[in-house]
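Working notes, structure below.
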Amino acid sequence: MSLEGKLVVLTRTENGNRVWAAYLAHHGVETYSLPAIEAGPAPIPPQTQAILRQLAGYDWLVFTSAFGVRHAQAEFARLTIDLTSTRLPRIAVVGESSEIATRYTGLPVAFRPSHASTVALAGELPDVAGRRILMLRTNIASDTLARTLRRRGAEVTELPIYQTRLREDADPAFSQLLQAGGAHYLVFASPSAVHGFIRRITHDDLRRAKSLPAVAIGPSVAAALEQMGFSSIHQAAQPNVAGVYRALIG
């Protein structure tokens, strides 16, 4: 694909869009920010706090996003849990961004699957039969990962450590852009971003958007786009902005 004179629409959180827009601008790509989701801390009831204080009782601690890592770190700090003096489970992450976020906190990463998807994580995580696994995730995470690990013999505890909200507010400027043919590519980094994007636009604008090439981060995002009727889906080979750029330029 040629990006000269083209506009790429980003649909992550506001901050996520800002980070990716800076990278793409450095490569001469013009972007439009249409945040489709918001991420924030989830309510942490006493029973959840008690589980977080008992990390030593688990064999694996699993993160499926960098958001999960950051919000978990904030909650551990709020509860004055000293991770340096606690026997930690082995830590598994889903991909590069969650690994970077985990290592940035000073924690070791014991496992990352061959490619960044929860399907790969569920199938490749070693030594799970009879093990206790704690997953710190968003409130709207799919239960597919947990179900697969349970089928493999693991005892899985899922805790929402942060919450994802789908945006529903209209963006008249984006609607005008679509109607004028000024948007050329869409980028989605999560299935929730796909659903938030759909909620932010009208049915007529969705029909227009479905005809645009869409870049998906991972197979679950591609599947969500396909299910919603998008006709031109390109999956990034790497689950990061560099992978998105390479998918855009073909």
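What whole-number distance in Å separates the alpha-carbon centres of the stretch 171-189 and the stretch 76-101?
Between the Cα centre of the stretch 171-189 and that of the stretch 76-101, the gap is 38 Å.
Rounded if a/c is under 1.5, else prolate if a/b beats b/c, else oblate: with a ≥ b ≥ c from the C-alpha gyration tensor eigenvalues square-rooted, which is the stretch 41-90?
Note, shape of the stretch 41-90 comes out rounded.
Over the alpha-carbon set of the stretch 29-128, divide Rg by the Kirkwood Rh and report the Rg/Rh ratio to two decimals.
Ratio of gyration radius to Kirkwood radius: 1.01.
Can you give the FRET efficiency to the nearest 0.05 for Arg207 and Arg246, using r as the Cβ-Cβ distance and R₀ = 51 Å?
E between Arg207 and Arg246, to the nearest 0.05, is 0.95.
Hey, what do the phi angles of the stretch 180-185 turn into as Karplus ³J(HN,Hα) couplings, whole Hz, using 6.51/-1.76/1.60 and θ = phi - 60°, x for Gly and Pro?
For the stretch 180-185, the Karplus curve yields 8, x, x, 9, 10, 9 Hz.
Under a Cβ-only charge scheme (Lys and Arg +1, Asp and Glu -1), can you give me the dipole magnitude of the chain about the Cα centre, in debye to the nearest 20?
440 debye
What is the angle, in °, between the Cα long axis of helix 191-200 and the longest principal axis of the Cα atoms in the chain? Nearest 10 is fine, range 0 to 90.
So the helix axis and the longest Cα principal axis differ by about 40 degrees.
Between rounded, prolate and oblate, where does the chain land on the alpha carbon gyration tensor, with a ≥ b ≥ c its root eigenvalues, rounded for a/c under 1.5, else prolate if a/b exceeds b/c?
Prolate, because a/c is 1.5 or more and a/b exceeds b/c.
How many nm is it between the label spots at Glu158 and Arg78, if each spot is 7 Å from the Cα in line with the beta carbon?
Going from the Glu158 label point to the Arg78 one covers 2.2 nm.
Pop a pseudo-label 7 angstrom from the Cα along the beta-carbon direction at both Glu226 and Glu124 and give the gap in nm to one decimal.
Label at Glu226, label at Glu124, 2.0 nm between them.
What is the extension gain from Ala50 to Arg199, computed as 0.36 nm multiplied by their sequence separation minus the C-alpha to C-alpha distance, in nm to one decimal?
50.0 nm
May I ask you to derive the FRET efficiency for Asn15 and Arg147 from their Cβ-Cβ distance with R0 = 51 Å, giving the value to the nearest 0.05?
0.95
Ignoring everything except DSSP H segments at least 4 long, calculate the 222 nm mean residue ellipticity for the chain; use -39,500 (n - 2.57) per segment, divide by total residues, nearest 500.
For the chain, the value works out to -11500 deg cm²/dmol.
Expressed in nm to one decimal, what extension gain is obtained for the pair Ser114 and Lys6 from 0.36 nm per residue of sequence separation less their Cα-Cα distance?
So the extension gain works out to 35.6 nm.
At 1.4 Å probe radius, can you tell me the per residue accessible area of the stretch 92-229 in Å²?
46 Å²
Looking at the chain, identify the longest residue range that excludes and avoids all GluC sites (Glu not before Pro) in DSSP loops having at most 10 other Cβ atoms within 10 Å.
After excluding every exposed loop site, the longest remaining stretch is 5-167.
What relative contact order, as a whole-number percentage, does the chain give when Cα pairs under 8 Å and 6 or more residues apart are counted?
Relative CO of the chain lands at 22 percent.
Taking R0 as 41 Å, what FRET efficiency do you get between Tyr104 and Asp169 from their Cβ-Cβ distance, rounded to the nearest 0.05?
It comes to 0.80.
Could you please state how large a percent of the accessible area of the stretch 76-211 is carbon and sulfur, counting protein chains only and using a 1.4 Å probe?
Within the stretch 76-211, the accessible surface is 51 percent carbon and sulfur.
The values are calculated or read from the model by the stated rules, or taken from the named source; none is laboratory data. Note that this is a predicted model, so its numbers are computed, not measured. Every residue, glycine among them, receives a Cβ derived from its backbone with ideal geometry; neighbour counts consider all protein chains shown. Note: areas computed on protein heavy atoms with side chains; ligands, DNA, RNA excluded. Shrake-Rupley method; radii C 1.70, N 1.55, O 1.52, S 1.80 Å.
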